[in-house]
Amino acid sequence: MASEPPITLEEVARKFRARPARNPGPITRTQRFFVRAGEEPPSVRARVEPIRRGEEGVDYVVVIETAGVDVRERAKPPMLKGRGLRPDETRFDEAELQRLLEGFIPDHLDFSPEPLKKAKAVRTVLRDIPRDRKVFTTLFDPEDRRAFQDTAYPWSTVGRVETNKGTGSGVMIGPRHLLTVSHVIDWSAPDGFAADWVRFTPSYFDGDAPFGETFGVHIYWYSQVDSDDDRFLSGNEGEFDYVVVVLDDRMGETTGWMGARHYDDDWDSLNVWSHMGYPGDMNSGERPIFISPFNLDGNDDDAQSILHKADVFPGQSGGPMFAWWDGDVGPRAVAVQSWEDGSTNGASGGRSLRNLVAQARTEFA
């Protein structure tokens, strides 16, 4: 894949015009929850009731009654299989990469190169920033993050990632492939498993899951970034702080997915980059934010800790750093948000990220 530069946001506005869905229509939405029962499975009864809020249209509540649940023990989501790879294991020719790393827009989704449905953003957390250690993100004046509630592509591709370590952000990078950050994963799984559960809710907003939710079944990584109790990164963890999670259904066929690409340091001067994520200091992580444009500062190494000064906060970790290229159907991610040290922020990316995505998409088509 040639290293042509991404285009400016002014060019994006000219070349990528907002449009309605080509084939609008309802989708099938799947929700999952887990219960404990005996040898006989529980029985389920469902009903649908309308809700009227004085707004245009009618909302509905889907009520599911599950009988036979044993509440003395908690049910838990499934753990993930997976395997760690060395960066030199994941090599692909350029033609194969082009096929594996393209984005996708479903016909039932509207398309808009910028979020049009803005939302109120309320600062819910304030904190002091340590100046001498790398932690996960910081803010720079003026505050540029904007909350949104769009479900159009590509805003549909980003969602909230939940694990038993907390919440982060992630992006659909294939039909059943989630790109997120390694340090949000619980790697303390028993023998036979790679990691504990991962739940992904694309376009999550105030508890609403317009596309449903899905869980991970497999995971690929180069480094199991397991921060200590102070949540510090060490060594080269900032260069490999990402994973690809294979999901238990093909969520990307309803949300669409971003493409992927490696970062070229010839692009360091370009003010063309965007980021989405779920910051814990705004709306308690309940609403996604968008920030753009800003610069990235990387290098041509296969593994990169790419520097930037976009406003980020815990919860945005795993959200994509992305831009637009002429001739593509949509944007491509080059990194995910990872860390900060009080004076700058860092995202993890490089050719190795691109190759990890391709490996996961090859083995789990």
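The values are calculated or read from the model by the stated rules, or taken from the named source; none is laboratory data. These numbers come from a predicted model, not from an experiment. Using ideal geometry, Cβ is built from the backbone for each residue, glycine included, and neighbour counts are taken over all protein chains shown.
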From the list 268, 328, exactly one residue is of a type in the set (Asp, Glu) and over 25 Å from residue 203 (Cβ atoms). Which is it?
268
State whether one or more residues within the stretch 12-32 are within 17 Å of residue 211 (Cβ to Cβ) and in a strand (DSSP E or B).
yes
Name every residue in the stretch 28-58 that is closer than 30 Å to residue 78 by Cβ and in contact with a Phe, Trp or Tyr (Cβ under 7 Å, 6 or more places away or on another chain), in order of residue number.
29, 32, 48
Of the numbered conditions (1) farther than 25 Å from residue 104 by Cα; (2) touching a Phe, Trp or Tyr at 6+ places or on another chain (Cβ under 8 Å); (3) of a type in the set (Phe, Trp, Tyr), residue 273 fails exactly one; give the number of that condition.
(1)
Among the residues of the stretch 146-175, which ones are out of contact with any Pro (no Cβ under 9 Å at 6 or more places or on another chain) and either hydrophobic (A, V, I, L, M, F, W, C) or surrounded by 24 or more Cβ atoms within 10 Å (Cβ to Cβ) (or both)?
161, 174
Say we look at the stretch 22-42 and pick out the residues that are under 25 Å from residue 333 (Cβ atoms) and out of contact with any strand residue (DSSP E or B) (no Cβ under 8 Å at 6 or more places or on another chain); which of these is surrounded by the fewest Cβ atoms within 10 Å (Cβ to Cβ)?
22
Give me the strands (runs of 3 or more DSSP E) completely within the stretch 171-222, filtered to those with at least 1 residues that are among the aliphatic types (A, V, I, L, M) and within 12 Å of the chain's Cα centre (by Cα), ordered by residue number.
177-180
Can you say whether residue 46 is more than 27 Å from residue 222 (Cα to Cα), aliphatic (A, V, I, L, M) and touching a Pro at 6+ places or on another chain (Cβ under 9 Å), as far as the supplied structure shows?
no
Taking the criterion of being buried (at least 21 other Cβ atoms within 10 Å of the Cβ) and either modelled with pLDDT of 95 or more or among the polar types (S, T, N, Q) (or both), would at least one residue in the stretch 122-130 satisfy it?
no
